[in-house]
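To start, the structure under review is shown below, and the notes come after it.
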Amino acid sequence: MDIRVLSAGTALPGPPVSNAALAARFGMDTLWEQWVDAFIGTRHRHLALDLETGGQEHSLADLGTEAGREALARAEITPSEVDLVVLSTATPDALMPATVNVIADRLGIDGVTTLQLQAGCSGAVQALDTARQLLLAGRHRTALVLGGEVLARFYDLSADLGGLPPEQLVNFVLFGDGAGAAVLTTRDVPGAVSLVTSMTRLEGLGHEPGATLEWFGPVDRDSGRVPASEDYKAIERRVPLMAGATVDGLLDELDWKDSEVDYLLPPQLSGRMSDRISRHLADHHGLAAAHTVNCVDETGNNGNGLVYFQLERALDRLAEGDRALGVSIESSKWIRAGFALERR
């Protein structure tokens, strides 16, 4: 059975926020802005809050509904035809009700299976893989798969950025908000892109987390724990190697030659890091001829939403016979994930 990706849709909150705007808001000098440009490489991001007032203007359900509606329209699928909805996120709007069910309700979807996965950057592929496996099992025919984040509500707008250590400071630069969606189906749609395979692997045994994001309640909100942190050096060291292992595994499974890959959707941590990973895969894993599909330097790192922004671009570019590999690496407890596309 072929699983086809009929469409992708995305949603970003508000206008882009530049590095200069962040620097001005937090009272940082031009050297900080130059550091961001030189070492992070992300030019701007979109935020679901007003930087001046601190008020939240968009929820994950808002963004997920917008992205889902766009994906359904592009696929020419009505809500009544969807019989499976899967959402992945690290930042649900609430612990209950699950955000996936709020989105389904807003889209007019009911009487179907819904699932919500708690995950970081690999979550989009986990959601695609979960939907693909359930579709292959034959109990469902059409799935709406979603992913996204509203990370800005974890911002401390009163923070003195000049006094923060790098593992906390980097979060104000890397991340943005956004959501994406894709429609998968078992229907025979001539010329559609096939999701040929997908995989996720936990490889964190014995390794400290590379990223943390806390969830505080009334009991522990004053515990003194850091709300969010990134071990950027560990990420720089491990992610290219994990990406390479993912590419090699996908090629072996599919019996594809590296020269037969037309497009690469690499991990999207930051502009500089994504470029570095792409060069590593080109130099050491045979993907020098593959066209790279990036988005993070424009959108910021919106976690579970990123793969859908790449998918949106890739679906427009894949011609008949073209093949693509997607790779997503999560540093929280070191998960590698990947998938393959082909327009048949």
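Below, the figures for the structure above:
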read-out: Odd one out for SER331, checked against (1) within 30 Å of LEU161 (Cα to Cα); (2) in contact with a Ser or Thr (Cβ under 6 Å, 6 or more places away or on another chain); (3) of a type outside the set (A, V, I, L, M); value: (2)
read-out: Some residue of region 239-261 being touching a residue at least 40 places away in the same chain (Cβ under 8 Å) and under 28 Å from ASP93 (Cβ atoms); value: no
read-out: Residue ID - farthest from THR212 (Cα to Cα), chosen from residues in region 79-106 that are surrounded by fewer than 21 Cβ atoms within 10 Å (Cβ to Cβ) and of a type in the set (A, V, I, L, M); value: VAL102
read-out: Residue match in region 46-60 (condition: modelled with pLDDT of 85 or more, over 17 Å from VAL170 (Cβ atoms), under 16 Å from the mean Cα position of the chain (by Cα) and of a type in the set (S, T, N, Q)); value: no
read-out: Positions within region 12-22 being crowded, with 19+ Cβ neighbours inside 10 Å and either assigned to a helix (DSSP H, G or I) or outside the structural domain of LEU164 (by TED's automatic domain parsing) (or both), in sequence order; value: ASN19, LEU22
read-out: Tally, over region 307-336, of residues that are buried (at least 24 other Cβ atoms within 10 Å of the Cβ), under 22 Å from LYS233 (Cβ atoms) and not polar (S, T, N, Q); value: 5
read-out: Yes/no for ALA8 being in a strand (DSSP E or B), touching a helix residue (DSSP H, G or I) at 6+ places or on another chain (Cβ under 9 Å), in contact (Cβ under 8 Å) with a residue 12 or more places away in the chain and in the same structural domain as ALA159 (by TED's automatic domain parsing); value: yes
read-out: Criterion (at pLDDT below 80, outside the structural domain of GLU230 (by TED's automatic domain parsing), farther than 24 Å from GLU298 by Cβ and exposed (fewer than 13 other Cβ atoms within 10 Å of the Cβ)) met by exactly one of ASP160, ASP156; value: ASP160
read-out: Residue within region 124-140 that is touching a helix residue (DSSP H, G or I) at 6+ places or on another chain (Cβ under 7 Å), more than 20 Å from GLU312 (Cα to Cα) and buried (at least 18 other Cβ atoms within 10 Å of the Cβ) present; value: yes
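The values are calculated or read from the model by the stated rules, or taken from the named source; none is laboratory data. For clarity, every value in this text was computed on a predicted model and none was experimentally measured. Every residue, glycine as well, gets a Cβ built from its backbone with ideal geometry; the counts of neighbours run over all protein chains shown.
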